[in-house]
Protein chains: 2
Amino acid sequence: MSTQARRERERAEREQAIISAARDLALAEGWDAVTTRRLAAEIEYSQPVLYSHFKGKDAIMAAVAVEGFAELATAVVSARASAADPRQAVADVAAAYVAFAQQRPAIYDAMFTLAVDLPFASQDVPTDLARGFAELSETVRPVAADDDLETVTETFWAGLHGLVTLMRSGRLRRADHDRRLAVLVDRFSP
Amino acid sequence: MSTQARRERERAEREQAIISAARDLALAEGWDAVTTRRLAAEIEYSQPVLYSHFKGKDAIMAAVAVEGFAELATAVVSARASAADPRQAVADVAAAYVAFAQQRPAIYDAMFTLAVDLPFASQDVPTDLARGFAELSETVRPVAADDDLETVTETFWAGLHGLVTLMRSGRLRRADHDRRLAVLVDRFSP
DNA sequence: TCCAATTCCTAGCGGTGCTAGATATGAGAG
DNA sequence: CTCTCATATCTAGCACCGCTAGGAATTGGA
């Protein structure tokens, strides 16, 4: 019986190794550099092994994204918790969100731009995604007024997402980043 | 002499045919379906001909994007021109921007998400891009107050871009789209 | 009419994600 | 302890991608 347990454990470890290798490679060289051949070489197994864990490359990217949701949620929670007042909370949360996106661009892309077939309506994504979203909601609650809170949250989120993506693709001048963020925060501050 | 003129004209026509074929194919089936082989078949020439017009596939996508900038700018200009008052102008411009992105998703992607090496600092892109950006600027000018106008414009633009991209990738509920847009418009209305 | 230059195509390179079929491994039965 | 059989893994290959070298065909001018 224990041998089966061991094999299951080893299998789980290998699955995590695949995710970690994909994550590290994507962060270091971008998703284009993450090929199934390089991934297989990294974990020291042959290519087809990947397909016994994941349906395809997209599923591996989705797994990396899932880890990202947990990370981002934690960062946002922490930012709001340490803010002095509600107004500062909006600024701190926005800064934390943007910092995450800038420091882990590849993961951010996997979460929000690539891999459309993420399990957005099942399993463990909602847990961490909802955690982060709820935290955003609480942050902007003071400014929601008579608007629907969820709608205001989504709009604020979209503003952050737009700033992040446009700047990283070179459409916005990097120098004015902080000022743009300040404008957005001001529009969503109590 | 006239034969050379004819050949240059035919060459220009073929170049436009490539761009149009890429545009149509991308709109119909997405950029993944736009391969150099299909493009070549579409214009009834062999693959290498494409490379005598463009440096590579990215350059073809950039050319499609350039056409898109002109289209978007025209739509935005028209929206602002027909608005009854400054407040309505913000709403109309936002609606026109979002409508363009939703009706021509592939072109919007080529303009703002893919193809990083766009000639953002030369030739004819700045003309149409600046045209659209200037129009956005005039629209939000009443609300700029003591903030820098360009910064406010970029932030408003980022909000629109965020709404568009997050919704099309399935991260936002489609039903509440108009309400989110209203929230954003309200935050940037005089 | 012949030559030279340009235009265009055929064929192929190295890469991708993914998979079928063969092979090695190891657990359980006799 | 040996044999059998299922499971795990690998080798080899498919169809496709963007891109390019080199040869064939066409064309304009002498």
- [ ] For A:Ser46, place a label point 7 Å out from Cα along the Cα→Cβ vector, do the same in each other copy, and report the separations in nm, one decimal, smallest first.
- [x] 3.8
TODO: At 7 Å along the Cα-to-beta-carbon direction for both A:Ala95 and A:Ala175, put a label point, then send me their distance in nm to one decimal.
DONE: 2.3 nm
TODO: Please give the average number of partner chain Cβ atoms lying within 10 Å of the Cβ of each residue in A:178-185, rounded to a whole number.
DONE: 6
Open item on the list: How far, in nm to one decimal, is B:Leu27 from itself in the other copies if the label point is set 7 angstrom along Cα toward Cβ? Shortest first, please.
Closed with: 4.2
Task: Angle between chain A longest axis and helix A:2-29 axis [Cα atoms, degrees, rounded to 10] - done: 50 degrees
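Can you give the translational diffusion coefficient of the range B:58-187 in µm²/s, computed by Stokes-Einstein from the Kirkwood radius over Cα pairs at 10 °C and 1.306 mPa s?
105 µm²/s
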Open item on the list: Nearest 10 degrees is fine. How inclined is helix B:177-187 to the longest principal axis of chain B, computing both from alpha carbons?
Closed with: 60 degrees
- [ ] Calculate, for A:Asp148 and B:Gln16, the FRET efficiency according to 1/(1 + (r/R0)^6) with r their C-beta to C-beta distance and R0 35 Å; round to the nearest 0.05.
- [x] 0.15
Task: Cα radius of gyration and Dmax for the protein assembly as shown (Å) - done: 23.2, 88
TODO: Specify the angular offset, from 0 to 90 degrees and rounded to the nearest 10, of the alpha carbon long axis of helix B:86-103 from the longest principal axis of the alpha carbons in chain B.
DONE: 30 degrees
Task: Candidate aspartates and glutamates - alpha carbon under 15 Å from B:Lys55, same-chain residues fewer than 8 apart omitted - done: B:Glu15, B:Asp117
Open item on the list: At 7 Å along Cα-to-Cβ for each site, give me the label-to-label distance between B:Glu138 and B:Glu42 in nm.
Closed with: 3.4 nm
Task: Distance between modelled label sites at B:Arg87 and A:Gln88, nm, 7 Å Cα→Cβ extension - done: 3.6 nm
TODO: Would you mind calculating the relative contact order of chain B from Cα pairs under 8 angstrom and at least 6 residues apart, reporting the percent as a whole number?
DONE: 21 percent
Task: Inter-copy spacing of A:Pro126 label points, which lie 7 Å from Cα along Cα→Cβ, given in nm from shortest upward - done: 5.1
Task: Phi-based couplings in Hz for the range B:65-75 (Karplus 6.51, -1.76, 1.60; Gly and Pro marked x) - done: 4, 4, 4, x, 4, 5, 4, 5, 4, 4, 4
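Only the coordinates and a few stated rules stand behind these numbers; no lab work does. Because the structure is a prediction, the values reported are computed rather than measured. Ideal geometry is used to build each Cβ from the backbone, glycine not excepted, and the neighbour counts take in all protein chains shown.
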